[in-house]
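First the structure, in the form of C-alpha cells, and then the observations on it.
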Amino acid sequence: MDARRVGLFGGSFDPVHNGHVALARLALAHLALDRVVWIPAGHPWQKARRLAPADHRLAMVRAAVADEPRFSVDDCEIRRPGPSYTLDTVRELRARWPRVPEWFLLLGEDQYAGLPTWHGWQDLVQCVTLAVAARAARTPVPAGALRAVPHRLEVLPLPAWPVSSTLVRQRLAAGQDVDDLVPPAVARYIACHRLYLTD
C-alpha cells in the first residue's frame, strides 16, 4: 500500500449506514488520512445477537464505499476463523503493509470507554492512534484501567447523526423505507436480497 496515514474502521456493519460513511469521510479530512480500510467483523465476540451473513455485510460495505477511491474494504476478519479480535487484525495488516508508518483506529465514544474489555487492549493501544468520534468535539475522558495506560488519542468532531444500524433494521422489519438512512446502493442490495424483514 502506498500510503503513510491509514485509518482502520471495523464493525459489524449490520447494515452499514450513512452515519458510518460520514464518520469515515470525517476521518479522511480531519486526520489527513491517505486511506480508510473498512473491516467487517467475521465473528464479533461481544455481540450477543445473530448478525446477517458475513457475505451480505461485506457486499453492503463494498457497495457503500465504491465511489470513494481512498476507501477500501478488507475481509481478513471474515476469512479468519474464530472470534474477531481487533489486535489480531491490526497485527495482520501491519505485517502486510510494513511501510505504513502511521495507523489510526476509528472508534465511537462507547467503544473507547469499553476498550479495557477488549482482548489484548494494552498491546493494541501501543500499535495505533485511537481516533475517537465525539459529540461537540469534546475530548473523551479515559476511565478505569484505560486512564493508567499511555495511549495516543485524536478526537473526531462528529455532528449529531440520528441513524443507527438498529434503527435501519427496525424500519425494515416494519416494512418502512430506509432510503434516508443508508447509501442508495445499500438500499438496493437490501431490497434485492430481502434482508432484515424480521428483526
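Values for this structure:
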quantity: Glu154/Asp75 FRET efficiency (R0 25 Å; Cβ-Cβ; nearest 0.05); calculated: 0.40
quantity: Apportionment of accessible area to carbon and sulfur, region 117-199, percent (1.4 Å); calculated: 56 percent
quantity: Region 29-105 shape via C-alpha gyration tensor axes, a/c threshold 1.5; calculated: oblate
quantity: Helix-only CD estimate at 222 nm, as mean residue ellipticity for the chain, using -39500 (n - 2.57) per DSSP H run (n ≥ 4); calculated: -10000 deg cm²/dmol
quantity: Using alpha-carbon coordinates, inclination of helix 18-30 to the longest axis of the chain, degrees; calculated: 30 degrees
quantity: Mean-position separation - Cα centroids, region 134-199 and region 33-106, in angstrom; calculated: 16 Å
quantity: Surface accessible to a 1.4 Å probe, Val141 within the full protein complex, Å²; calculated: 120 Å²
quantity: Among Leu23, Gly114, Pro69 the positive-end extreme of the charge dipole of region 1-125 (Cβ point charges); calculated: Pro69
quantity: Selection of chymotrypsin sites (Phe, Trp or Tyr not before Pro), region 1-64, meeting DSSP coil and at most 13 other Cβ within 10 Å; calculated: Trp45
quantity: Magnitude of the charge dipole, the chain, Cβ model with Lys/Arg +1 and Asp/Glu -1, debye to 20; calculated: 220 debye
quantity: Simple Cβ-charge dipole of region 128-179, Lys/Arg +1 and Asp/Glu -1, about Cα centre, in debye nearest 20; calculated: 240 debye
quantity: Cα-centre dipole for region 3-54 with unit charges at Cβ (Lys and Arg positive, Asp and Glu negative), debye to 20; calculated: 60 debye
quantity: Value of relative contact order over region 33-162, rounded to a whole percent, pairs C-alpha under 8 Å and six or more apart; calculated: 21 percent
quantity: Percent accessible area from carbon and sulfur atoms, region 6-77, protein chains only, probe 1.4 Å; calculated: 50 percent
quantity: Surface per residue (accessible, 1.4 Å probe) for the chain, Å²; calculated: 50 Å²
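The values are calculated or read from the model by the stated rules, or taken from the named source; none is laboratory data. Everything numeric here is computed off the predicted structure, so don't read it as measured data. Because the Cβ atoms are built from the backbone with ideal geometry, glycine has one as well, and the counts that use them run over all protein chains shown. These accessible areas exclude ligands, DNA and RNA; they are computed on the full protein's heavy atoms, side chains included. Shrake-Rupley method; radii C 1.70, N 1.55, O 1.52, S 1.80 Å.
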